[in-house]
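Here it is: the structure, laid out below.
The values are calculated or read from the model by the stated rules, or taken from the named source; none is laboratory data. Since the structure is predicted, the reported quantities are computational estimates derived from the model, not experimental observations. FYI the Cβ positions are ideal-geometry reconstructions off the backbone, even for glycines, and counts take in every protein chain you see.
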Amino acid sequence: MIELQNISKIYKNGEIETVALKNINLKINKGEFISIMGPSGSGKSTLMHIIGLLDRPTSGTYILDGQDVSKLKDEELAKLRNKKIGFVFQAFFLLPRKNVLENVILPSIYSDLNPSQKKEKAIECLKESAFPLDFIYHYPNQLSGGMMQRVAIARALMNDPEIILADEPTGNLDTKTGEVVLHTFQKLNIEKGITVVLITHEEYVAEHAEKIIRIRDGELISEEKVKNRKILYHNNENK
Amino acid sequence: MRINDLIQESIDSLKSNKLRTGLTILGIIIGIAAVISMISLGEGSKVSIQRSIESLGSNNLIVFPGIVQPGRGFVSSGRGEAQVLKRDDVEEIKKIDNIVAISPEVQRRFQVVAETGNNRNTTVLGVDIGFFTVRNMEIENGNLFTDEQIRSYSKVAILGNQIAKDLFGDVDPIGKKIKIRNLTFRVIGILKAKGSTGFVSYDDFVIIPYTVMQKQLAGTEYFNSIAVKVDSKENIEKVREEITNRLTVLHRVDEPDFTVFSQEDILSTLTSIINTFTIFLSFIAGVSLLVGGIGIMNMMLTSVTERTKEIGLRKAVGARNSDILNQILLESVFITLLGGIFGILLGILISYGVSKIANITTYISLKAILISVIVSTAIGLIFGYYPAKRASNLDPIVALRYE
């Protein structure tokens, strides 16, 4: 469970202070699928970085699974990121020198996963993200955008995360491939109970979540349930 | 992070830009090869000096007239200026135990004319029969002096290998005549070739009985030096002390007016000169190694900057600062280790080439190789540390946004 209490983030550049987040209070329960919306510069990326343990708040408390993580050291944050959080970025960030399989395996070289299980686990994750297995020895530059994003999702799943943080995951994709990605998120959310936090500025994309949180100028302005949630994944799909 | 993964990641990223990695390794190869060949040249000179001095006879002590002032070395001793060593000194030294042979020597330069008409200005050495034992001289052809010939002022001569060729060419010199000043000598023997010993070459010497030399050529009753062969290494210091004491008493002086050198003294003087020289050369070679190290730092900084995004991503998926640090450090250590190995091979090749082409002795010591390996690894760590630290301290958010 994610609990943000009075979180503020202030960037200092010499004399000038920029307030990125102001007194954010937010609770995300385990297994929830939420969207964070806001125009660019609203602070939604900063919020994602703090939730994703890539950054620390200037003030306030962040409790992740009952543990106060707002004052942890870099090394401890790295460990938690590795274990609990899977990132999916707009620009995919696949390593160009590594093939699909090696890209998916990457997070596990920083974890304690038994080396003999890595390949098996990576293939399982690629199946989970609906990646065609004929392409696992291809390099990122040989893949389409949709396929690259599926590799990125498989990579996020590699260490069995509790939370998937997706920053504009459909931003570089056309509507159809974007829907495949959103479908995968809904499936992972329902089947595996993974908490999904989706950051987007598109209403249409945000409506795939259960809940939308809107922020503007660093402040949380609303938190509401999606009335007509777009459902791509149906529970009985595999049956 | 497992060591296997760490090695794999490092090798992968070095392979990603082979040309750049190769050129950086080349810098280290040149540095290490320069250091190795300079050290091997120095070590080689030491070995060859040692060999040639030992070939002149081991366990020798040499008494020179005059005192060697500390710090000025034996080269500038007062040979020829102070005249104190006489026949009495030889007789006195003979009384000492543990001496195998004594060789009093008188040395001058003269014009030597052979009956073939050839002539050379060369060193003429007046010796006693002990000379051949003390100086390890062997006859290639003919005979040595007899005691009788020496005592009876016989005008006989033994030629060094080179001077015999210079004076007589293809003619067999045995039994032929040579003229030194206005005295005629009969050649009775030729010495085996010894080669240069670094500072004297007996191959150019004409050797005659010291009696003739003293009375009829040099007009002196003094010797330039008295060389003494001791029976074993252990007795050298004892004999040296004995000689010093006895001659001091004989000369009726408070402080010795002569100096007793051992071969070790000469060897250590020469060795220390060579050492200084080797250190100097290695220092210059070391500068190229330093430049190689800067090359590594340059390459690693570029590579870290290029990989900013990758480092950001690695951190996002859970790489700790230390994982990044280790990977970058390992990359630069790999470069220097590879450079070190190939540098050692190239250094050995250069040393071998130098000794083949320039005919200079070189000697590759294990010490030189070990030093190179340690130094190159250290260079990798030192010059890789700053880029590695910089990479590991990258803020993942900034790194992921980097364009």
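Which condition from (1) part of a strand (DSSP E or B); (2) more than 9 Å from every other protein chain (Cβ to nearest Cβ); (3) surrounded by 16 or more Cβ atoms within 10 Å (Cβ to Cβ) is the one that A:PHE87 breaks?
The single condition A:PHE87 does not satisfy is (2).
Which one is farthest from the other protein chains (Cβ to nearest Cβ) among residues in the range A:52-84 that are in contact with a helix residue (DSSP H, G or I) (Cβ under 8 Å, 6 or more places away or on another chain) and charged (D, E, K, R)?
Among residues in the range A:52-84 that are in contact with a helix residue (DSSP H, G or I) (Cβ under 8 Å, 6 or more places away or on another chain) and charged (D, E, K, R), the one farthest from the other protein chains (Cβ to nearest Cβ) is A:ASP65.
Further question: What's the number of the only condition in (1) in contact (Cβ under 8 Å) with a residue 40 or more places away in the chain; (2) among the charged types (D, E, K, R); (3) within 14 Å of chain A (Cβ to nearest Cβ) that B:ASP265 fails to meet?
(3)
Of the conditions (1) facing chain A (nearest Cβ under 10 Å); (2) within 17 Å of B:LEU381 (Cα to Cα), B:ILE341 clears all except one; give me its number.
Every condition holds for B:ILE341 apart from (1).
Just one of (1) more than 20 Å from the chain's Cα centre (by Cα); (2) away from chain A (no Cβ under 14 Å) trips up B:ILE311, so point out which.
Looking at each condition in turn, B:ILE311 falls short on (2).
Turning to a different aspect of this structure: With the checklist (1) modelled with pLDDT of 90 or more; (2) surrounded by 16 or more Cβ atoms within 10 Å (Cβ to Cβ); (3) in a helix (DSSP H, G or I) in hand, flag the one item B:ILE178 doesn't pass.
(3)
Taking B:GLY312 as the residue in question, decide whether it is out of contact with any strand residue (DSSP E or B) (no Cβ under 7 Å at 6 or more places or on another chain) and in contact (Cβ under 8 Å) with a residue 12 or more places away in the chain.
yes
Of all strands (runs of 3 or more DSSP E) completely enclosed by the range B:51-146, which ones contain at least 3 residues that are at pLDDT 90 or above, touching a Lys or Arg at 6+ places or on another chain (Cβ under 9 Å) and under 17 Å from B:SER262 (Cα atoms)?
Where strands (runs of 3 or more DSSP E) fall fully within the range B:51-146 and carry at least 3 residues being at pLDDT 90 or above, touching a Lys or Arg at 6+ places or on another chain (Cβ under 9 Å) and under 17 Å from B:SER262 (Cα atoms), they are B:99-114.
Taking the options B:THR244, B:THR211, B:THR259, B:THR278, name whichever one is in a strand (DSSP E or B) and among the hydroxyl-bearing types (Ser, Thr, Tyr).
B:THR259
Hey, among B:ILE7, B:ILE25, which residue is under 30 Å from A:TYR139 (Cβ atoms) and within 14 Å of another protein chain (Cβ to nearest Cβ)?
The conditions single out B:ILE7.
Per-residue answers, yes or no, for (1) of a type in the set (S, T, N, Q); (2) over 26 Å from B:ILE311 (Cβ atoms); (3) surrounded by fewer than 18 Cβ atoms within 10 Å (Cβ to Cβ):
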| site | (1), (2), (3) |
| --- | --- |
| B:VAL354 | no, yes, yes |
| B:LEU366 | no, yes, yes |
| B:ILE369 | no, yes, no |
| B:ILE374 | no, yes, yes |
| B:SER392 | yes, no, no |
| B:ARG401 | no, no, yes |
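So A:GLU223 clears everything in (1) in a loop (DSSP other than H, G, I, E, B); (2) in contact (Cβ under 8 Å) with a residue 12 or more places away in the chain except one condition, right? Which one?
Condition not satisfied by A:GLU223: (1).
Is there a residue being of a type outside the set (Gly, Ala, Ser), closer than 14 Å to B:VAL124 by Cα and under 35 Å from the mean Cα position of the chain (by Cα) anywhere in the range B:229-245?
The answer is no, given that none of the residues of the range B:229-245 is of a type outside the set (Gly, Ala, Ser), closer than 14 Å to B:VAL124 by Cα and under 35 Å from the mean Cα position of the chain (by Cα).
Here is a further query. If we keep just the residues of the range B:340-352 that are under 10 Å from B:SER372 (Cα atoms) and surrounded by 20 or more Cβ atoms within 10 Å (Cβ to Cβ), which is farthest from the chain's Cα centre (by Cα)?
That would be B:GLY340.
Given the criteria basic (Lys, Arg), within 14 Å of another protein chain (Cβ to nearest Cβ), more than 19 Å from B:ILE53 (Cα to Cα) and in contact with an Asp or Glu (Cβ under 7 Å, 6 or more places away or on another chain), does B:ARG320 qualify?
Yes.
If you check A:LYS127, A:LYS118, which single one turns out to be farther than 24 Å from B:TYR402 by Cα, without any contact (Cβ under 8 Å) to a residue 24 or more places away in the chain, in a helix (DSSP H, G or I) and within 12 Å of chain B (Cβ to nearest Cβ)?
Criteria check complete, one pass: A:LYS118.
Restricting to the range B:328-338, and then to whatever is surrounded by fewer than 24 Cβ atoms within 10 Å (Cβ to Cβ) and either within 21 Å of B:LYS367 (Cα to Cα) or polar (S, T, N, Q) (or both), can you tell me which residue is farthest from the other protein chains (Cβ to nearest Cβ)?
Taking the candidates together, the pick is B:LEU337.
Residues are listed down the side, and each one gets a yes or a no for (1) more than 17 Å from the chain's Cα centre (by Cα); (2) at pLDDT 95 or above:
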residue: A:THR58; (1), (2): yes, no
residue: A:SER70; (1), (2): yes, no
residue: A:LYS73; (1), (2): yes, no
residue: A:GLU76; (1), (2): yes, no
residue: A:PHE89; (1), (2): no, no
residue: A:LEU95; (1), (2): yes, no
residue: A:LYS98; (1), (2): yes, no
residue: A:VAL104; (1), (2): no, yes
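Being among the acidic types (Asp, Glu) and more than 30 Å from A:LEU95 (Cα to Cα): is that true of B:GLU264 here?
When the stated conditions are applied, B:GLU264 passes them.
Right, something else. Out of all the residues in the range B:314-327, which are assigned to a helix (DSSP H, G or I) and either under 42 Å from the mean Cα position of the chain (by Cα) or of a type in the set (D, E, K, R) (or both)?
B:ARG314, B:LYS315, B:ASP323
Conditions tested, residue by residue: (1) closer than 16 Å to A:GLU128 by Cβ; (2) among the hydrophobic types (A, V, I, L, M, F, W, C).
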site: A:VAL180; (1), (2): yes, yes
site: A:LEU188; (1), (2): yes, yes
site: A:LYS192; (1), (2): yes, no
site: A:GLY218; (1), (2): no, no
site: A:LYS225; (1), (2): no, no
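Continuing with this model, one more query. Report, ordered by the first and then the second residue, all pairs with beta carbons closer than 6 Å, sequence separation of six or more or different chains, a first member in the range B:219-237 that is farther than 24 Å from B:VAL106 by Cα, and a second member that is buried (at least 21 other Cβ atoms within 10 Å of the Cβ).
Cβ pairs passing all conditions: B:LYS233/B:ASN59.
Return the residues of the range B:348-377 that are under 30 Å from B:VAL304 (Cβ atoms) and free of Cβ contacts under 8 Å to residues at least 12 places away in the same chain; say none if nothing qualifies.
Listed by number, the list holds a single entry, B:ILE374.
If I filter the range A:90-115 down to residues being at the interface with another protein chain (Cβ under 8 Å from one of its Cβ atoms) and outside any helix (DSSP H, G or I), which single residue comes out as nearest to A:GLU168 (Cα to Cα)?
The residue in question is A:PHE93.
Would you mind stating whether A:ALA154 is more than 11 Å from chain B (Cβ to nearest Cβ), aliphatic (A, V, I, L, M) and either in contact with a strand residue (DSSP E or B) (Cβ under 6 Å, 6 or more places away or on another chain) or in contact (Cβ under 8 Å) with a residue 40 or more places away in the chain (or both)?
So A:ALA154 passes the test.
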